[in-house]
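Asker: Before anything else, here's the structure in question.
The values are calculated or read from the model by the stated rules, or taken from the named source; none is laboratory data. As the structure is a prediction and not an experimental result, all values here were calculated from the model. All Cβ positions, even for glycine, are placed from backbone atoms using ideal geometry, and neighbour counts span all protein chains on display. All accessible areas refer to the heavy atoms of the entire protein, side chains included, with ligands and DNA or RNA removed. Shrake-Rupley method; radii C 1.70, N 1.55, O 1.52, S 1.80 Å.
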Amino acid sequence: MTGVSRRALLGYSGSAAAGAALAGAGSARAAEGEPAAAAQADAAQSSDANVANGTEFAGDVSIGDIDAMMQFSFKLNVENAPAAKQITPMEIVDAFNEIAMSRGWPKMTFYYATSAPLN
């Protein structure tokens, strides 16, 4: 990966992915009696809330059997949008991995560099 340190990981596990997929519907599902799903969604949203706008995310993955490699990076900056219009980094990661995995690629882990000043 170029330009992005592996300081922090944008978590992506089975339960985190499920939580992120439910992030938009967390409160609706809680009302329907699914508190575990709502808790996963809240956890996914709170991890995205700790990332500053404009942070770069990057990941890479390979398929060793055929010597194939893919890199993907993105920056997301959403300002002054109501909650219903927000797009989170985790939603982008989930969407990308869904597309990539449907074409036979392994799940990609994304890392990001914090935007906090060093001094």
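Asker: By average Cβ neighbour count within 10 Å, what is the ranking of 64-73, 101-110, 79-88 from highest down?
Answerer: Result, highest mean Cβ count within 10 Å first: 101-110, 64-73, 79-88.
Asker: Also, I was wondering about something else. Cβ under 15 Å from Lys107's Cβ, Lys107 left aside: what net charge do those residues give with Lys, Arg +1 and Asp, Glu -1?
Answerer: Computed value for this residue: -2.
Asker: Using the Karplus curve 6.51 cos²θ - 1.76 cosθ + 1.60 with θ = phi - 60°, work out ³J(HN,Hα) for each residue of the stretch 80-88 in order, rounded to whole Hz, and write x for Gly and Pro.
Answerer: Each residue's phi maps through the Karplus curve to give 6, 9, x, 3, 5, 9, 5, 10, 9 Hz.
Asker: Using modelled backbone amide H atoms (1.01 Å from N, in-plane), which distant-in-sequence or interchain residues come within less than 5 Å of Thr88's amide H?
Answerer: When sequence neighbours closer than 5 places are left aside, there are no close amide H contacts.
Asker: Let me ask something additional. Would you pull out the residues with amide H under 5 Å of Glu56's amide H, same chain only if 5 or more places away, H placed 1.01 Å from N?
Answerer: Ala113
Asker: Over the stretch 50-119, what percent of the accessible surface lies on carbon and sulfur atoms, probe 1.4 Å? Working shown, then result.
Answerer: Working: 2330 of 4580 Å².
It is 51 percent, rounded to a whole number.
Asker: What is the gain in length, in nm to one decimal, between Lys85 and Met69 on full extension, counting 0.36 nm per residue of separation less the C-alpha to C-alpha distance? List each step's numbers first, then the result.
Answerer: Details: separation 16, 0.36 × 16 = 5.76 nm, distance 3.33 nm.
Contour length minus the Cα-Cα distance gives 2.4 nm.
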